[in-house]
1. Can you return the aspartates and glutamates within cross-link range of residue 48? Criterion is Cα-Cα under 19 Å, with same-chain partners fewer than 8 residues away left out.
2. List the residues, sorted by chain then number, that are 5 or more residues from residue 81 or on another chain and whose placed amide H is less than 5 Å from its amide H.
3. Please state the charge dipole magnitude for the chain, taken about the Cα centre, from unit charges on C-beta atoms (+1 on K and R, -1 on D and E), reported in debye and rounded to the nearest 20.
4. Considering only protein heavy atoms and a 1.4 Å probe, what is the carbon-and-sulfur percentage of the accessible area of segment 210-249?
5. Could you work out the helix-only [θ] at 222 nm for the chain, with each DSSP H run of four or more residues adding -39,500 (n - 2.57) and the total divided by the number of residues, to the nearest 500 deg cm²/dmol?
6. Take 244, 260 and sort them by solvent-accessible surface of the protein heavy atoms, 1.4 Å probe, largest at the top.
7. Please give the peptides 312-319, 227-234, 112-119 ranked by average Cβ packing (other Cβ atoms within 10 Å per residue), highest first, as a rough proxy for protection.
8. When the Cα centres of segment 270-325 and segment 35-109 are compared, how far apart do they sit, in Å?
Amino acid sequence: MWFKDKWYNYFAPLHKSINMQFNPDCWSKALKLHEKEQFRESFVELLKYADTKVKKYEISKYVYKIPHGSVYLNIDFSWENIKITSDFLNVSKANKVPLFRRIAELSFSGLNLTQIKLVWEELIFDFNCPLDLYDPYKIFDVLAEICYFSDKYDEEFCEQFWAKNITEALVTQIPDTKKEKIWENFKSIIEWNFEIIKDLEDRRKNYYAWDVISTTYKMIDYACAPKWSLALRISEKVAELYNRDETIETIIFRGKEFLREISQMPKEDFFKNIYEAKEFIPSKKVATNEYISEYLRPGYEDAYKDLQSGDFESAYIIFMHILYNSMYYHIMPYGMEKAIVRQIKSGSNSIVDRNTVWYLSQWIFEIINLQNIPRNVIWFWWILLAIWTFILWLFINW
C-alpha cells in the first residue's frame, strides 16, 4: 500500500481568511474613472479596492494615512502631484555601514518604483509623480511594493543591524487556547510529513521528497499563518526550492534540516510569530477565478499524464502540491478559496488508491473549468438582514 496507510492530514486554519478583503467592483470603477481622466476619483476607488473602509484613514480630502504592519502609508493626491511615503526604520543607533549597503542593494535589484531615502536619522519609502501620469496598475504596484518590502525587511534589519521600528505594528493577539492548537498543528504537520518522506526514501523514491517538503511549507502557512521571522524564514526556504544553482539532493537535505530545526523551536518563540496584523495589501498576488484556473492547469496536466500511465502516487503528490501552492501564492475570491479547500480536504485523511486519486483529478478538473465554484453569498445575508430589520421596524411601529 502506498504511503503506508494514508497521505496528508488536513489541518483547518484558526485565523480569519483575507480572501474577502479585495473588492473587484471598486477596481472596475477605478479603471473606468481613469479612462475618463478622473484621476482623483479613480485613486479613491483604488484604495477602496484594497479596503472598503479606507475612508476611516482619511486625514482630509484626498489625503490618507493607512496602517500596514509596522508602517503607515502616507498618501496625498490633493494637489498636482501624487506623493506616497512611508516610515520604515530609525537608524540613529544602527550599524549603518552594512545596513546602508543592503539598502543600496535593494534600490538597484529589488525596488522597481519606489526609493528608500534617509531623512535625518530615519529611512523612508518615497514615491511621487504628476497627477496626470496616474495609472491604477502602477499606483497599486507602488503601494504593494512598499507593503511587501517593509514586511520583508523590517525585522531582519532590526535584528541584524540594530535599527528600530518607527511605529509599533497594529496587531491583535490570538487567545492562548488557539495558540496552543496552532502549536499542536504545527508540530503534527512536520511530524506526519516526515513520516511520508521517510516512507518514500525507504522505497527509493527520494525525488518525491522535494514535493513533500514544498507542500509542508505551504501547509504550515495555510494552517498556522505564522508572521514575523518564522514567515520570513519559510518564504526564504520556499524560494530556495527553485534555486537552479543547487542540486535537488542539496535542496532536499537543507529542507529537511530546516523542518527539523523549526520543529524544535521553543513554544514561547513560536507564539511570538502567531498573531493577526493589520495589512493593507498582503504580499500574496490578487487573483481572479480565471487566473487560478490557468494557474492550476499545467500542474494538473502533468499529474493527469502520470495518472493515465498508472502512477497514482506521483499524480496525487502533484495534485495536492498545486492546490496548496494556489493558496500560498494567491488571494482569491471566496468561492474559489472554498472550492480549493474542499478538494484539499477530499484528498486528505484517507487511503490513497486508484479511486481516490481519480476522483480528486475529476474534482480539480471541475475547478479548472470553473464548474461548481460556490458563489459569494455575503450580499445575500446582508439583504436578508435588511429585510428582517425592516419587518421588525414595522412590527414595533404597528
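1. Counting by Cα, and skipping residues close in sequence, residue 48 has these aspartates and glutamates nearby: 25, 35, 37, 58, 76, 135, 141, 145, 279.
2. Under 5 Å from the amide H of residue 81 lie the amide H atoms of 131, each far enough along the sequence or on another chain.
3. 760
4. Here it works out to 50 percent.
5. About -19000 deg cm²/dmol.
6. Descending accessible area places them as 244, 260.
7. For the peptides 312-319, 227-234, 112-119, the packing ranking is 312-319, 227-234, 112-119.
8. 31
The values are calculated or read from the model by the stated rules, or taken from the named source; none is laboratory data. Bear in mind that the values here come from a model prediction, so they are computed numbers and not experimental data. Please note: Cβ atoms are built from the backbone with ideal geometry, for glycine as well, and neighbour counts cover all protein chains shown. The protein model used for the area step is the full one, side chains on, heavy atoms only, and it has no ligands, DNA or RNA in it. Shrake-Rupley method; radii C 1.70, N 1.55, O 1.52, S 1.80 Å.
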